[in-house]
């Protein structure tokens, strides 16, 4: 299904007139519903959608059965904003680079998606890394089928907590909805700092928990903010978003899909009988209620 014509049409109400306009991606910001009706978002999303369609047309030729992450990465409640946010800023950064050998861009927690190929086509060397060894197999196969020209895409497996890069190897690191799933994000931030060159950019997006049962709640958000400020410097000011304009997993044009559970009665017994008896809170039936934060930073 082509969403590039469907999504903007769902957000044409006069209340959604973004004050940031087509500069909506140029600052640290929460994702806004009004971003999805800007010319810049439509332009990037349409291009990325075409590139993902090309990628998925060859999915059966490189995809392992063991791969457990979503194939259609772009059409996700948060990725419809996160990928354009990251792509816009990578493209802006690339225009500032001097001529010479292609700069090194790290896709941290990459999975196997179309996105690093879209970034590589800007003319950069994208090095993907993930803890899932299946990604190494699928990237090796995809690289023989999917063009990354004029750039390139390669994969390195992350083992334990050390990123597979030398000190100062990366010119830019982007990390899309990964850090909220990392148990110790301070260690990860130290590793990002280690592999980034001075002046290198960090483009980071992550889910913000709005209910209290996900990873980045209020206390963790401020702890993450302090850790980022202690290591990196912001690229431009923060952008304020009206609370009614915030893109969330419940307000956006694409909602998270509920995974069907097997043996539902047993699940309910475990959640609503056994866990309370053990003094544990039950897991929510709705999988998440989150907003998204995008952060632009630079290594001093």
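Values quoted throughout were computed directly from the atomic coordinates according to the rules given, and no laboratory measurement underlies them. Small disclaimer: the values here were computed from a predicted structure and weren't measured. Note: ideal-geometry Cβ built from the backbone for every residue, glycine included; neighbour counts use all protein chains shown.
Quick notes
- Test set (1) outside any helix (DSSP H, G or I); (2) surrounded by fewer than 20 Cβ atoms within 10 Å (Cβ to Cβ); (3) touching a strand residue (DSSP E or B) at 6+ places or on another chain (Cβ under 9 Å) - residue 174 fails condition number: (2)
- Residue within the range 220-233 that is assigned to a strand (DSSP E or B), touching a residue at least 24 places away in the same chain (Cβ under 8 Å) and closer than 20 Å to residue 83 by Cα present: no
- The residue of the range 137-151 that is nearest to residue 68 (Cα to Cα), among those that are in contact with a helix residue (DSSP H, G or I) (Cβ under 6 Å, 6 or more places away or on another chain) and outside any loop (DSSP other than H, G, I, E, B), is 138.
- Enumeration of residues in the range 101-121 that are surrounded by fewer than 19 Cβ atoms within 10 Å (Cβ to Cβ) and closer than 21 Å to residue 52 by Cβ: 121
- Any hit, the range 92-100, residues being surrounded by 22 or more Cβ atoms within 10 Å (Cβ to Cβ) and on the phi < 0 side of the Ramachandran plot: yes
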